[in-house]
1. Using only alpha carbons, build the gyration tensor for the stretch 124-167 and give me the equivalent ellipsoid semi-axes, biggest first, whole Å.
2. Pick from GLY38, GLY74, GLY22 the residue whose mean-square fluctuation is largest in a GNM of the chain, springs joining Cα atoms under 10 Å.
3. Say we join alpha carbon atoms closer than 10 Å with springs in a Gaussian network model of the chain; which of ARG92, ARG172, ARG155 then has the biggest fluctuation?
4. Please list 3J(HN,Hα) in residue order for the stretch 20-32, calculated via the Karplus relation 6.51 cos²θ - 1.76 cosθ + 1.60 where θ = phi - 60°; whole Hz, with x for glycine and proline.
5. Could you work out which residue, out of ALA29, ALA173, ALA21, moves most in a Gaussian network model of the chain, that is, has the largest mean-square fluctuation with Cα springs under 10 Å?
6. Based on the Cα atoms of the stretch 86-180, what semi-axes does the equivalent ellipsoid have, where each is the square root of 5 times one gyration tensor eigenvalue, given in whole Å with the largest first?
7. Sequence gap at least 6, Cα distance under 8 Å: using those rules, report the relative contact order of the chain to the nearest whole percent.
8. With labels modelled as points extended 7 Å from the Cα through the Cβ direction, what inter-label distance (nm, one decimal) is found for HIS175 paired with PHE28?
Amino acid sequence: MPDAAVFVHPHALCESDQVGAGTRIWAFAHVLAGALVGADCNICDHVFVEGGARVGDRVTVKNGVLLWEGVSVGDEVFLGPGVVFTNDLRPRAHIKRTGDELVRTVVRDGATLGANATVVCGVTIGAHAFVAAGSVVTGDVPAHAFVAGNPATQRGWVCTCGERIGPDLRCRAGHWTEITKIRDTTLNRT
Ligand SMILES: CC(C)(COP(=O)(O)OP(=O)(O)OC[C@H]1O[C@@H](n2cnc3c(N)ncnc32)[C@H](O)[C@@H]1OP(=O)(O)O)[C@@H](O)C(=O)NCCC(=O)NCCS
Ligand SMILES: [Zn+2]
């Protein structure tokens with residue numbers, strides 16, 4: 001069971017004792033034993049977090065998100081409503097895969113996944129990347145990349161603040177992003 005610093009709605013089910021202080025788990029969400037959830041997260045209604053899934057600090061997990069074993073989400077990630085992860089590339093009902101047989105997915109710090117995005121397992125979504133609503137992510141997404149569609153393809157770059165980055169590497173608010181350096185270093189980390 002989580003400690004007292006975690007808010008668990010009376011109609012939520014939290015079986016993990018590894019949930020950070022300040023995290024709120026709302027009605028009909030289910031966090032299984034062995035799930036690792038950081039501090040100050042917002043786990044909204046109808047979210048499912050399987051044992052072995054990892055969620056960082058200050059993560060927003062909107063309604064109906066499904067997080068399975070093998071999925072690792074960094075800090076300050078935004079998962080829009082209905083975002084679905086996967087952990088088996090070629091599932092068959094008669095083959096049960098566990099542990100190392102599952103295919104990992106990593107979402108790095110500050111990334112946003114829009115509503116109903118689907119993430120095919122085995123990919124890394126880079127820091128501060130932005131996945132448009134309804135996208136199907138089938139490959140790695142560089143840090144600060146904006147991707148959309150099915151399959152998701154890169155359409156541009158986004159700032160840490162979420163605005164598009166122009167050719168001068170600045171967003172509308174004037175923030176500057178060192179895209180090349182981030183792109184080259186992010187995807188190779190484990
Ligand atoms: C990505 C998003 C922010 C739009 O950004 P934008 O900068 O206004 O996008 P643009 O209108 O400049 O579109 C850029 C291109 O991507 C395409 N595009 C934008 N959003 C798209 C989407 N969700 N799916 C497919 N293509 C999309 C546009 O059609 C456009 O393509 P084109 O250049 O060929 O015309 C928005 O579509 C989105 O998905 N937001 C997330 C909303 C969400 O899920 N919120 C959850 C909290 S409730
Ligand atoms: Zn900005």
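Just so you know, all these numbers are worked out from the coordinates, no wet-lab data involved. A quick note: this is a predicted structure, and the numbers were derived from the prediction, not measured. Positions of Cβ are backbone-derived with ideal geometry, glycine not excepted, and every protein chain shown enters the neighbour counts.
1. Sorted largest first and rounded, they come to 16, 11, 8 Å.
2. Maximum fluctuation in the GNM of the chain, among the listed residues, is at GLY22.
3. ARG92
4. Along the stretch 20-32, the couplings run x, 4, x, 6, 10, 10, 8, 3, 6, 7, 9, 10, 7 Hz.
5. ALA173
6. Semi-axes, largest first: 30, 12, 9 Å.
7. So the answer I get is 10 percent.
8. 3.4
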